[in-house]
Amino acid sequence: FQTQSLRLSDLHRKSQLWRGIVSVTLIEGRELKAMDANGLSDPYVKFRLGHQKYKSKIVPKTLNPQWREQFDFHLYEERGGIIDITVWDKDVGKRDDFIGRCQVDLSTLSKEQTHKLEMPLEEGEGYLVLLVTLTASAAVTISDLSNNSLEDQKEREEILKRYSPMMMFHNISDVGFLQVKVIRAEALMAADVTGKGKSDPFCVVELNNDRLLTHTVYRNLNPEWNKIFTFNIKDIHSVLEVTVYDEDRDRSADFLGKVAIPLLSIQNGEQKAYVLKNKQLTGPTKGVIYLEIDVIFNAVKASIRTLMPKEQKYIEEEDRLSKQLLLRNFIRMKHCVMALVTAVCYISSCFDWDSPPRSLAAFLLFLFVVWNFELYMIPLALLLLLAWNYFLIVSGKDNRQHDTVVEDMLEDEEEEDDRDDKDSEKKGFMNRLYAIQEVCVTVQNILDEIASFGERIKNTFNWTVPFLSWLAIVALSVFTIVLYFIPLRYIVLVWGINKFTKKIRNPYAIDNNELLDFLSRVPSDVQVMQYHELKQDPTHSPSKRKKNNPA
């Protein structure tokens, strides 16, 4: 029996470890079929390899779209696989039009080499230009607690050497090493109605698109897994997600709880009990999970990677319309607008001499700055603002406020999600108004993007993520020095030459904006709330929060 269990455990481990990475760069489409009345299309592309799915951005009103996006797939089969690619025309208010399809047979491509493919579209017109690269798998493993690579002195030294400062320019995409010990859970929710108040829990450990599972411990509310997972870190700003499910052979697994842990907040080698949260990470559910996590990374590689495009996540579900989410995003954007209005009113009060001492000080400051103004003073002012906020935090005069409005809205959204789950089979009036719903979802997402942008700027200066704030200080310091010593015309000249020659030097370069890539790593207020670690409350009674009980 023990031999059979060991064999099944090995099979379980091998079935989920990928053997390679397939990197697909979508360059462009040429001579696509016109699907709209204006003789053009609004094309986008869908990719699928097994359960892995991606969707490109929409390029409006063109038959020769330029995407320049990169997607990474896990390759589980040694003999390769087939990537299904479909091209669609986006239509508002009705179903999207099918433009064509093609397939990439990975078994015909050699590894460790970039292949440029021009794929003609079947059942349509035109073709796609792709770059496909197959590489060996990164060091992703599953093992028992007895096989701890970091406790082996030789292996630990090799890992530390791989991410030492001397290796800062070697393999920029390999930023660091993550080891997660999933030890046990306690006091989980009983999800099996027929299981005499028990559950069959298993754990899913996710880092971006890397996803590994533990085995299932049957009929137990205090399971012990004692497994070690290792991942390669491609972005130090990634968030580790550990989710506990109840296995159900007759239907999909029941959700028991989840935690989300930013890599930069991890304390190495410390075994901690994390309170499990609900699906939206807004409040506690029943149970705790014990984890021990170690992160080793190269700070220079991590900084360079911060200024590159963020890795896209698999498509798991389409955006849906939510009244609470729409209201929440509106309130968040309102807070950003009100902050600007408050600043304008403050400046206006200086002009109106509502407070003579303040207006006099502002007037003298205005004269001094305008008379002595140089361009380097702009990044210098931002640098001083960052330094001032750091001084306030260090001195204990932290002016950051806990956003209870966002927390309340998140809890309301969780309640609405549960109501939606119960009424999912009822086709109401909203489902018949597909066009209106799609427009509302678009507005909802735009509000989220605007609010998140403002919150990320605020959180950069508020030192919400110290690593990013220090990186901003370094960048602003360099920018200030450059502007101080180098005339502006030379800086603009270098920038212009770089922009004009970029496509000549690298025709397939992926377009990006370093400032926006940096801000995409800063968490919004909603994400700060979701990543906040809850403290164990012995008086907490999960049975009172019926909305978190999937049973």
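Some values worked out for this structure:
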{"quantity": "Candidates Glu123, Glu118, Glu112, filtered to the one that is closer than 30 Å to Phe177 by Cβ and acidic (Asp, Glu)", "calculated": "Glu112"}
{"quantity": "Residue in the range 478-520 that is farthest from Leu26 (Cα to Cα), counting only those that are without any contact (Cβ under 8 Å) to a residue 24 or more places away in the chain and either among the small types (Gly, Ala, Ser) or touching a Leu at 6+ places or on another chain (Cβ under 9 Å) (or both)", "calculated": "Ile491"}
{"quantity": "One residue from Val344, Val337 being modelled with pLDDT of 85 or more, surrounded by fewer than 15 Cβ atoms within 10 Å (Cβ to Cβ) and under 26 Å from the mean Cα position of the chain (by Cα)", "calculated": "Val337"}
{"quantity": "From the options Asn498, Asn445, Asn549, residue that is modelled with pLDDT under 95 and loosely packed, with under 12 Cβ neighbours inside 10 Å", "calculated": "Asn498"}
{"quantity": "So Asp192, is it within 30 Å of Pro523 (Cβ to Cβ), of a type in the set (D, E, K, R) and either modelled with pLDDT under 90 or open to solvent by 10 Å² or more (accessible area, probe 1.4 Å) (or both)", "calculated": "no"}
{"quantity": "Count of residues meeting criterion [under 18 Å from Thr442 (Cβ atoms), open to solvent by 40 Å² or more (accessible area, probe 1.4 Å) and either of a type in the set (Phe, Trp, Tyr) or not in a loop (DSSP other than H, G, I, E, B) (or both)] in the range 36-67", "calculated": "1"}
{"quantity": "Matching residues in the range 70-114 - criterion: being outside any loop (DSSP other than H, G, I, E, B) and open to solvent by 50 Å² or more (accessible area, probe 1.4 Å)", "calculated": "Gln70, Ile82, Asp84, Trp88, Phe98, Arg101, Gln103, Asp105, Ser107, Thr108, Thr114"}
{"quantity": "Within the range 392-408, considering residues that are within 30 Å of the chain's Cα centre (by Cα) and at pLDDT 85 or above, the one most open to solvent (accessible area, probe 1.4 Å)", "calculated": "Val394"}
{"quantity": "Residue, least open to solvent (accessible area, probe 1.4 Å), within the range 263-288, restricted to residues that are polar (S, T, N, Q) and outside any loop (DSSP other than H, G, I, E, B)", "calculated": "Thr285"}
{"quantity": "Test for Asn222: is it outside any strand (DSSP E or B) and either at negative phi or modelled with pLDDT under 90 (or both)", "calculated": "yes"}
{"quantity": "Every pair of residues 6+ apart whose Cβ atoms lie under 7 Å, when the first sits in the range 112-123 and is in the same structural domain as Leu75 (by the TED database) while the second is among the small types (Gly, Ala, Ser) and surrounded by 13 or more Cβ atoms within 10 Å (Cβ to Cβ)", "calculated": "Leu121/Gly100; Glu122/Gly100; Glu123/Gly100"}
{"quantity": "Sole residue being farther than 30 Å from Arg184 by Cβ and either at pLDDT 90 or above or outside any helix (DSSP H, G or I) (or both), chosen from Leu327, Leu364, Leu291", "calculated": "Leu364"}
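The values are calculated or read from the model by the stated rules, or taken from the named source; none is laboratory data. Note that the structure is a prediction, hence the values are computed from the model and not measured. No Cβ is skipped: glycine too gets one built from the backbone with ideal geometry, and neighbour counts run over all protein chains shown. Only protein heavy atoms, including side chains, enter the accessible area calculation; ligands, DNA and RNA are left aside. Shrake-Rupley method; radii C 1.70, N 1.55, O 1.52, S 1.80 Å.
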